[in-house]
Structure formats: C-alpha cells, structure tokens
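Structure record follows, encoded as structure tokens.
The values are calculated or read from the model by the stated rules, or taken from the named source; none is laboratory data. This structure is a prediction, so every number in the text was calculated from the model and none was measured. Cβ atoms come from the backbone with ideal geometry, glycine included; neighbour counts cover every protein chain shown. Surface areas here come from the heavy atoms of the whole protein model, side chains and all, with no ligands, DNA or RNA. Shrake-Rupley method; radii C 1.70, N 1.55, O 1.52, S 1.80 Å.
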Amino acid sequence: MSDAISLGLSALARLQSGDGSFPLFRRAGSSEWHRCGSLFSTAYVMLGAGRLLPKENAARAAAFILGERRPDGLWEYDPALGIPPDADSTACALAALALHGITAPLAEGAGLLRSFWREGTGPFRTWRAGGKWSLPERDEAVVNCNILLALRLLGSPATPPEEAAVFDLLRRTPGPARYYCAAATMAHAARRAGLGWDRLPAVATARPPAGDLIAAAQWLCASPTADAGLVDAVLSAQQPDGRWRIGPWVTGAGTPQPFWGSPAITTALALEALTRHETA
C-alpha cells in the first residue's frame, strides 16, 4: 500500500496547475468533461491529501485559495456560473487555509460563517442571498458539516445548538445530500467535523458498493474500522500513472443535470483513505 500512496502523491502533485490550483471539470448529463473554476476542488484537496503534499505544493495551493477571496470576505464556487457566494465554498476555503497555518487573514471567518445561520434554530443556509437561494430545501447536510469543521479550525467551535441543528439535518436527509453524489460524503464530512460515527444516520454510514470509487474512498475516510474489500477496490482502481479516474462528485439542478468531478479530487480521496488505513 505504501508504494500506491507514494505513486499517488506524485500523481497528485503533477495534477496541480501552474497557478497552484487543482483542476475541476464539469459535464452536463452524459456529455464530455470540460474544465471550469477550480477554487472548490483546490480547497477540498487541501482538506485531505493536501496535508501529505510537499510544503511547496501546499503553499502554492493556499496562495491560490487566498487570491480567490472576494472583497466581502467570501468565496464563490465558480464565478462563471453567476450564482451568489456560498457557505460551502467559504467554509472549505477557510478550513483549508487554517489547516495549513494561514490564520492572520481569517480573523472574521467564524463570523462570516455564522452569518449563514438560519434565524431561530438553524441550520446553516447554503446561501444567505434572498429569494430562492434561501429556501429551506437548499439547506444541506454536508455543507453544514463543512461549516462545523471550519469553525473548529478557526478556533470558534460549534455551540451545542449549532451542532444539534446539524445532527437534525443529517437525520432528515433521506439519501445523498442535495449537492453531493454519494451518501458516504455525509459520513466523511461529519467525521471530519468531529461528529461521532455512532450518532450518524444509517444512510450515511451504510457501506457503499466497491464499484463506487468515490463513495468507497469517502466511507473509508470516515469509518472507524477498515474494510479489506473496499481498500482492495480503491487500490485496484489506481491507474498506471498513479492517479485515480475522474467521476461524478458534486451535482446540482438543471436539465440535463450537471456534475462536477476531477481526477485530483478522486486521487486525493483515495490517498486520504489509504493513508488512514495503511497500518490497519
């Protein structure tokens, strides 16, 4: 397994672009993948396998993330989409920067995230813009877990009411979260945020099929115990050049339905999973 991890890290470093970002691709329905804005993929890579990269690679990625920050302190998923800045992009960017020691520019980060709190009993909204963007149906379990992670890394951990609202949203989510393709993403995000495995709903902790590479990797990242079958499935999916293939990771509304993914995302998740269970 150590050889696979070493080969994968070299591949992940090669996937990094000259500007420090890790590329993200979009497709509509079954069309071909086309490159798009890479802020969110870069932040997500940095939250997991980014910690395994050489310091120089991590520093370039962090500089890219910081350079994408808006004047209002928020981050947006992809400016080309023309949608408001969202809590998920902001939380993941803040968490990635804090995790890699860049804290001075983030003093107001916790307050920014808490500005997404739904008045009353929560949970956190995905968008704080008005109209359709703030409908309760857009509240999302993984987004809320990513906010808890960022709050903890920023030194302002979730309050009991905030954590309770996130657990309630996890329990009310019947399957994959609204914007993520795999139900195991909920378990991965919740565990990364410090929430206990035993308190998560069964839909989040259910073992995914070995053929669902992204879900298998995320489940292994979250599970307190290793699963030899899923570990073998991740190992066998590694390509000769060390990377793992692109696959649907994030989704959204539209006809045909859009999907986002990246070999950098899949590779980072596979590396995070294998590293976690390397000695299991």
- Task: Return the single residue from Gly73, Gly109, Gly82 with maximal mean-square fluctuation; model: Gaussian network over the chain, springs between Cα atoms under 10 Å.
- Result: Gly82
- In whole angstrom, note down how far apart the Cα centers of segment 184-233 and segment 101-118 are. 28
- Item | Rule-of-thumb Rg ratio for the chain [Cα; 2.2 N^0.38 Å; N residues] | 0.93
- Message: Starting from the Kirkwood Rh over alpha-carbon pairs, what translational D in µm² s⁻¹ does segment 213-280 have by Stokes-Einstein at 4 °C and 1.567 mPa s?
- Response: 103
- Euclidean distance between Cα centres, segment 4-39 to segment 139-183, Å: 26
- Query: For segment 103-234, what's the relative contact order in percent, using C-alpha pairs closer than 8 Å and at least 6 residues apart?
  - Reply: 18
- Task: Would you mind getting the Kirkwood hydrodynamic radius of segment 82-142 from its Cα pairs, rounded to one decimal in Å?
- Result: 12.4
- Item | Kirkwood Rh (inverse of mean 1/r, distinct Cα pairs), segment 141-280, angstrom | 15.5
- Note on the structure: Rounded to the angstrom and largest first, Cα extents along the principal axes for segment 110-206 equal 35, 31, 20
- Query: When ranked by the protection proxy of mean other Cβ atoms within 10 Å per residue, highest first, what sequence do the peptides 151-158, 32-39, 176-183 form?
  - Reply: 176-183, 151-158, 32-39
- Item | Label-reachable residues, segment 57-82, where backbone N falls under 13 Å from a point 7 Å from Glu108's Cα toward its Cβ | 70-75
- Task: Would you tally the net charge around Cys221, using a Cβ to Cβ cut-off of less than 15 Å, leaving Cys221 out, and scoring K and R as +1, D and E as -1?
- Result: +1
- Query: segment 1-81: Rg/Rh from Cα coordinates, Kirkwood Rh?
  - Reply: 1.02
- Note on the structure: Rounded to the nearest 10 Å², the 1.4 Å probe accessible area of Asp88 is 10
- Query: Once you list every other residue whose beta carbon is under 13 Å from the beta carbon of Met46, what net charge do they have if Lys and Arg are +1 and Asp and Glu are -1?
  - Reply: +2
- Task: Subtracting the Cα-Cα distance from 0.36 nm times the residue separation, let me have the gained length for Arg207 to Ala80 in nm, one decimal.
- Result: 42.1 nm
- Within segment 36-78, which residues have the backbone N less than 14 Å from the label spot 7 Å out from Glu278 along Cα→beta-carbon, could you tell me? 49-54
- Query: How much length, in nm to one decimal, is gained on full extension between Lys132 and Arg118, taken as 0.36 nm per residue of separation minus their Cα-Cα distance?
  - Reply: 3.6 nm
- Note on the structure: Non-local residues with an amide H under 5 Å from the amide H of Leu24, with H modelled 1.01 Å from N and Pro and chain starts lacking one, are Cys36
- Note on the structure: Surrounding charge for Cys36, neighbours by C-beta under 14 angstrom, Lys/Arg +1, Asp/Glu -1, total -1
- Item | Kirkwood-type radius of segment 1-160, with distances r between different C-alpha atoms, in Å | 16.5
- Message: Pairs of alpha-carbon atoms within less than 8 angstrom and 6+ residues apart define the contacts here; what relative contact order does segment 53-128 have, in percent?
- Response: 27
- Based solely on its DSSP helices, what 222 nm [θ] is calculated for the chain when runs of n ≥ 4 H residues each add -39,500 (n - 2.57) and the sum is averaged over all residues, nearest 500 deg cm²/dmol? -13500 deg cm²/dmol
- Message: Students often check this: by mean Cβ neighbours within 10 Å, which of 203-215, 264-276, 125-137 ranks highest, and how do the rest follow?
- Response: 264-276, 203-215, 125-137
- Message: Please compute the volume of the convex hull spanned by the alpha-carbon atoms of segment 43-132 and report it per residue in Å³.
- Response: 108
- Which value, in debye to the nearest 20, describes the size of the charge dipole of segment 1-55 about its Cα centre when Lys and Arg Cβ atoms bear +1, Asp and Glu Cβ atoms bear -1, and nothing else is charged? 100
